[in-house]
Amino acid sequence: MPESFFILSKDYLEIAIDEIITIAKTYDRFSKIKIISNLVIVQSKTNWEKIAKRSTFSKISGQILRKMSGLFLDEENFEVLKNAKTFVCRIINLSSKQFNIPELESSMGDMISKFSQAKVSLDNPDIVVYLIFTENENFFGFSKKINEVIRPIKVKKHPHELDWKLTRAMINLAGLQEGETVCDPFCGTGTTLLEAEAMGIHGIGLDFDEKMYQISKNNLEANGYKSKLVKDDFTGLKNIVGEFDGIVTDLPYGRASKASENPEEILKKFVAILPKKKKIAIMCKKDFEKKLKLNPMKKYEIYRHKSLTRIILIK
Ligand SMILES: C[S@@+](CC[C@H](N)C(=O)[O-])C[C@H]1O[C@@H](n2cnc3c(N)ncnc32)[C@H](O)[C@@H]1O
């Protein structure tokens, strides 16, 4: 079974690791995962590119060709370069050992040149060949250019809008798949709907505030996205339960955004009407969740500044 590698940004490492695990298991529930610090190895039927395109915090990714016990490279490993015109070698050292990386990269390049017609290109190679060193194991793999991730445009913004990367990570952590529908009952400027649509997931948004409803509408129209939008209180969710597969939302904090009532009270009422058997990712202010009977499967803390730490709850 193919093995892929993902080197993750250390900014939100726990979220980044779980994001890869959930995406891999969403596509193939029998995927096997191995975590070595910020390196995640996935054994799955799913191609690495499919996982890489969905993941938010993966910096480098590719397919593993062969696990290595030393620096042994053979002809079979270079099959992948058969149709490539250009390549480059990169060493990733996640171990505590010291290597002369430029020297290693260049001698690896020389060695590959003996087996392959491909020429070295430092700037724009068709294929990048990786040697990854970890404390106990080394990996040999490759990656090639993948199409840029499609990002929506926002014609109207608002200070309380959610960071697009965390929004995407929440969609992924909830386990939503292409073709499914996500609902954001506090949709604000429409970040969840915009990112979901860009990922091939349909959206339904609710917001009780006319101004926010209009901002979402304009942002969706600017991208040609057809998400359903309703100007309504979040309790309107009860009338459309059959229309979505999951909820991804960021609740009011009682700061910049308008709230119909005390934000803690809103969360309590919201949790009370959460539909069962849906994929759920909620962001709210830390400690708001303490009195709730929610039993999240996972909980992540996101420090914003000294008076605001947010949490993501996955159900
Ligand atoms: C933190 S903001 C959401 C921001 C959004 N994720 C974005 O990126 O723009 C909370 C939103 O909840 C809306 N809201 C507050 N009370 C509401 C209620 N009772 N029903 C529906 N929406 C409400 C506010 O108008 C605001 O747009």
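The values are calculated or read from the model by the stated rules, or taken from the named source; none is laboratory data. As the structure is a computational prediction, the values presented were derived from the model and not from experiment. Cβ: placed from backbone, ideal geometry, glycine included. Neighbour counts: every protein chain shown.
Report, by residue number, each residue of the range 233-292 that is in a loop (DSSP other than H, G, I, E, B) and either in contact with a Cys (Cβ under 6 Å, 6 or more places away or on another chain) or within 15 Å of residue 203 (Cα to Cα) (or both). The answer is 244, 245, 251, 278. Given the criteria within 12 Å of the ligand (Cβ to nearest atom), among the aromatic types (Phe, Trp, Tyr), in contact with a helix residue (DSSP H, G or I) (Cβ under 9 Å, 6 or more places away or on another chain) and within 29 Å of residue 18 (Cβ to Cβ), does residue 208 qualify? Spelling it out, it is not the case that residue 208 is within 12 Å of the ligand (Cβ to nearest atom), among the aromatic types (Phe, Trp, Tyr), in contact with a helix residue (DSSP H, G or I) (Cβ under 9 Å, 6 or more places away or on another chain) and within 29 Å of residue 18 (Cβ to Cβ). Of all residues in the range 50-61, those that are within 15 Å of residue 28 (Cα to Cα) have Cβ atoms under 8 Å from Cβ atoms of residues that are of a type in the set (S, T, N, Q) and assigned to a helix (DSSP H, G or I), 6 or more apart or on another chain, in 54/172.
Among residues that are within 13 Å of the ligand (Cβ to nearest atom) and of a type in the set (A, V, I, L, M, F, W, C), residue 292 is not included. Looking only at the range 199-214, decide whether some residue is in a helix (DSSP H, G or I), in contact (Cβ under 8 Å) with a residue 60 or more places away in the chain and under 21 Å from the mean Cα position of the chain (by Cα). The answer is no, given that none of the residues of the range 199-214 is in a helix (DSSP H, G or I), in contact (Cβ under 8 Å) with a residue 60 or more places away in the chain and under 21 Å from the mean Cα position of the chain (by Cα). Taking the listed residues 217, 226, the one that is part of a loop (DSSP other than H, G, I, E, B), within 26 Å of the chain's Cα centre (by Cα), more than 8 Å from the ligand (Cβ to nearest atom) and modelled with pLDDT of 95 or more is 226, with no other qualifying.
Note on the range 240-270: residues that are more than 10 Å from the ligand (Cβ to nearest atom) and at pLDDT 95 or above amount to 8.
Screening the candidates 95, 107, 116, 143 for the property of being over 26 Å from residue 232 (Cα atoms) and surrounded by fewer than 16 Cβ atoms within 10 Å (Cβ to Cβ) yields one hit, 107. Only one of the listed residues (178, 261, 197) is touching a strand residue (DSSP E or B) at 6+ places or on another chain (Cβ under 9 Å) and either over 22 Å from residue 313 (Cα atoms) or of a type outside the set (Ser, Thr, Tyr) (or both). That residue is 197.
Yes/no matrix, rows are residues, columns are (1) over 16 Å from the mean Cα position of the chain (by Cα); (2) in a strand (DSSP E or B):
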site: 15; (1), (2): no, no
site: 20; (1), (2): no, no
site: 30; (1), (2): yes, no
site: 40; (1), (2): no, yes
site: 52; (1), (2): no, no
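Checked against the criterion of being over 28 Å from the mean Cα position of the chain (by Cα) and polar (S, T, N, Q), the candidates 172, 100, 124 yield just one match: 100. Of all residue pairs spaced 6 or more apart or on separate chains, those with beta-carbon atoms under 7 Å, a first member in the range 266-291 that is over 20 Å from residue 187 (Cβ atoms) and a second member that is modelled with pLDDT of 95 or more and crowded, with 20+ Cβ neighbours inside 10 Å are 289/313. Only a single criterion out of (1) surrounded by fewer than 21 Cβ atoms within 10 Å (Cβ to Cβ); (2) within 14 Å of the chain's Cα centre (by Cα) is not satisfied by residue 61, namely (1). Reported count of residues in the range 36-49, each being buried (at least 16 other Cβ atoms within 10 Å of the Cβ) and free of Cβ contacts under 8 Å to residues at least 60 places away in the same chain, is 6. Of all residues in the range 171-194, one or more are in a strand (DSSP E or B), surrounded by 24 or more Cβ atoms within 10 Å (Cβ to Cβ) and near the ligand (Cβ under 9 Å from one of its atoms). Looking only at the range 96-141, residues that are closer than 19 Å to residue 60 by Cβ and among the charged types (D, E, K, R) come to 5 in all. Exactly one condition in (1) within 16 Å of the ligand (Cβ to nearest atom); (2) farther than 30 Å from residue 249 by Cα is false for residue 135; which is it? Tallying (1) within 16 Å of the ligand (Cβ to nearest atom); (2) farther than 30 Å from residue 249 by Cα, residue 135 fails exactly one: (1).
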